[in-house]
Amino acid sequence: MMLFTEVRGLPVVPSAGDTGPLGTVASLDVDVAGRGVRHVRLRGGRLRRETALAWEAVEAIGPSTVRVRSTARPGPAPAGHDLLGHRVLTEGGTSHGTVLDVAFDPVTGRLLAVFTTRGEVTPGRLMGLGDHALIVRTA
């Protein structure tokens, strides 16, 4: 298990190690319906703008680096939202705090838990993510 906050800022390097870092992790995009990480958003690198890699390009995440396939090249960052700091609302519109962190499996990208200012939310309760809030089913 890893936390999104542990991954933020880690350098992203190709597994062959013949080139320098592609950038640093800015955030992880989530597929709410699939309950997993969809993209790794990067900052820096040669273009100095935010780019993204599909989760499938990730080979390993350790305490000091994110290793990706040597053939992986960052592309334009798709529209998405960073879960961290996002407001959480129930399907009925009741506030459930703010997202503090997200636990995930670093091998599969599967979400394990969303930690909010009002407690833990299981991935099975996630309904949608938009500009305004993360929507969750009422417990």
Once both label points are put 7 Å beyond Cα along the C-beta direction, the Ala139-Arg49 separation in nm becomes 4.3
Taking R0 as 35 Å and r as the Cβ-Cβ distance between Thr19 and Arg87, the FRET efficiency 1/(1 + (r/R0)^6), rounded to the nearest 0.05, comes to 0.35
If I ignore ligands, DNA and RNA and count only protein heavy atoms, how much of His81 is accessible to a 1.4 Å probe, in Å² to the nearest 10? 50
If I model a spin label at Arg8 and Asp101 as a point 7 Å from the Cα along the Cα→Cβ vector, what separation in nanometres do I get? 1.1
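Calculate what fraction, in whole %, of the accessible area of the chain sits on carbon and sulfur atoms when a 1.4 Å probe is rolled over the protein chains.
Working: 3640 of 7070 Å².
Carbon and sulfur atoms account for 51 percent of the accessible area of the chain.
With r defined as the distance between the Cβ atoms of Ala79 and Arg125 and R0 fixed at 30 Å, what FRET efficiency is calculated, to the nearest 0.05?
Details: r = 24 Å, r/R0 = 0.79.
Rounded to the nearest 0.05, the efficiency is 0.80.
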Once you list every other residue whose beta carbon is under 14 Å from the beta carbon of Gly93, what net charge do they have if Lys and Arg are +1 and Asp and Glu are -1? +1
With Ala79 itself left out, Lys, Arg at +1 and Asp, Glu at -1 over residues whose Cβ is under 14 Å from its Cβ give -3
One can check that the equivalent ellipsoid of segment 45-120, built from the alpha-carbon gyration tensor with semi-axes equal to the square roots of five times its eigenvalues, has lengths in Å, largest first, of 29, 16, 11
Proximal charge balance of Met127 [Cβ under 9 Å; K/R count +1, D/E count -1]: +1
Radius of gyration and Dmax for segment 20-89's Cα atoms, expressed in Å? 12.3, 41
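The values are calculated or read from the model by the stated rules, or taken from the named source; none is laboratory data. Just so it is clear, the model here is predicted, and its values are computed rather than measured. Please note: Cβ atoms are built from the backbone with ideal geometry, for glycine as well, and neighbour counts cover all protein chains shown. Side chains are part of the model used for accessible areas, which takes the heavy atoms of the whole protein and leaves out ligands, DNA and RNA. Shrake-Rupley method; radii C 1.70, N 1.55, O 1.52, S 1.80 Å.
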